[in-house]
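Beneath this line is the structure, given in structure tokens, with notes to follow.
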Amino acid sequence: MAKATTPADLTIVPRDLRFGRGTQMRRWWLNNDPFATAFYNALSVTFPKGEGFFVDSVRTFREGTPPRLHAEIQAFIKQEVIHTREHVAFNRHVTDQGYDVSRLEQHIDDALALTKGHPPIASLAATMALEHFTAMLAHQLIANPRHLAGGDEQAAALWRWHAAEEIEHKGVAYDTWLHATRDWTRAKRWKIKAIVMLGTTVKFFAGRYKGMLELLRQDGIIGARAHFGILWYALGRPGMARKILGAWIAFFLPGFHPWNHDDRKLIARAESDYAAAVLPREALAA
Ligand SMILES: [Fe+2]
Ligand SMILES: [Fe+2]
């Protein structure tokens, strides 16, 4: 079995890049497909507040962590803060296309309100589970080019860049959780981890489903057509939900660690893919 730790030679490097400034995004920027577009748009709307929550949750437990983890938490925070900046810009493109995302933002506020009044370790557990979610999605998104095929160049580049950094820092919230619960029994740790993951999964899918329905409604796609289209997109083609099932199950197995599956080669692949979208602009500015 692979060793259950973050690789010793992994360095988390915040890549301070900007995407899509001064460009226009098509309303259905992803392959002219309203369902695919709705999925990424709905997800993006969650990021500014969601990633802010991740940052706060992990930062609370930074004090007293071993030096290496301490430094990784710093780099994780930097990456998430830059992701938020870029998704705020992306979300502006979404609203520029006439979408009203206020209901989706309300869903996030409601979800985050549920964490109020619970101890900080509950927020860290939720972050650890959601970071596994983002790592699973990120892996799929880069490993299978079909997901972003036909997308506007700058938008696709943004998602590839974000996915690469999510893979790179996928162990940070988990290692912070391991450190914060180091005095717990294995049984208690597993129980809480499993409960939180199950709850997070239900909320994640229900939330994105509602968000997609709302965006599709604004496209005039409603009723059975909307439901069937979302389910086909998630479970049929490209079938993101179906494809992450194995990685989701792995989370519950004994000895799980995000880096049991070393998928660092995808970071390099994404970097070379989005470089084409980023470098020419920089070259022009030089
Ligand atoms: Fe992120
Ligand atoms: Fe993340």
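The values are calculated or read from the model by the stated rules, or taken from the named source; none is laboratory data. What you are looking at is a predicted structure, and each value in this text was computed from that prediction instead of being measured. Note that each Cβ is placed from the backbone with ideal geometry, even for glycine, and that neighbours are counted across all protein chains shown. What goes into the accessible areas is simple: the full protein's heavy atoms, side chains included, and nothing from ligands, DNA or RNA. Shrake-Rupley method; radii C 1.70, N 1.55, O 1.52, S 1.80 Å.
Go through the residues of region 45-63 one by one and say whether even a single one is surrounded by fewer than 14 Cβ atoms within 10 Å (Cβ to Cβ) and not aromatic (Phe, Trp, Tyr). Outline the logic, then answer.
Keep residues of region 45-63 that are surrounded by fewer than 14 Cβ atoms within 10 Å (Cβ to Cβ), which gives 63.
From what's left, not aromatic (Phe, Trp, Tyr): 63.
Checked against the condition, which is being surrounded by fewer than 14 Cβ atoms within 10 Å (Cβ to Cβ) and not aromatic (Phe, Trp, Tyr), region 45-63 yields at least one hit.
For region 164-175, filtered to residues that are open to solvent by less than 10 Å² (accessible area, probe 1.4 Å) and either outside any helix (DSSP H, G or I) or closer than 13 Å to Ser272 by Cα (or both), the residue that is nearest to ligand 2 (Cβ to nearest atom) is His169.
Return the residue satisfying two criteria in turn: it lies in region 143-177 and is among the polar types (S, T, N, Q) and farther than 28 Å from Arg68 by Cα, and of such residues it is nearest to ligand 1 (Cβ to nearest atom).
Going residue by residue through region 143-177, those that are among the polar types (S, T, N, Q) are 144, 154, 176.
When the remaining residues are screened for being farther than 28 Å from Arg68 by Cα, the result is 144, 154.
Working: Asn144: 20, Gln154: 18 Å.
Applying the filter and picking the extreme gives Gln154.
One residue is enough: does region 277-286 have a residue meeting the conditions of a type in the set (A, V, I, L, M, F, W, C), touching a residue at least 12 places away in the same chain (Cβ under 8 Å), within 29 Å of Glu105 (Cβ to Cβ) and open to solvent by 60 Å² or more (accessible area, probe 1.4 Å)? No, there is no match, as no residue in region 277-286 is of a type in the set (A, V, I, L, M, F, W, C), touching a residue at least 12 places away in the same chain (Cβ under 8 Å), within 29 Å of Glu105 (Cβ to Cβ) and open to solvent by 60 Å² or more (accessible area, probe 1.4 Å).
Taken over region 176-187, the criterion of being surrounded by fewer than 24 Cβ atoms within 10 Å (Cβ to Cβ) and either assigned to a helix (DSSP H, G or I) or within 11 Å of ligand 2 (Cβ to nearest atom) (or both) is satisfied by Leu178, His179, Ala180, Arg186, Ala187.
Those residues that are part of a helix (DSSP H, G or I) and in contact with a His (Cβ under 6 Å, 6 or more places away or on another chain), I need them from region 49-78; list them, please. Answer for region 49-78, where residues must be part of a helix (DSSP H, G or I) and in contact with a His (Cβ under 6 Å, 6 or more places away or on another chain): Glu51, Phe76. Flag: Thr200 does not match the condition of being on the phi < 0 side of the Ramachandran plot and open to solvent by less than 10 Å² (accessible area, probe 1.4 Å). Highlighted here are the helices (runs of 4 or more DSSP H) found entirely within region 198-278 that include at least 1 residues which are under 17 Å from the mean Cα position of the chain (by Cα), basic (Lys, Arg) and over 19 Å from Ser44 (Cβ atoms): 240-243.
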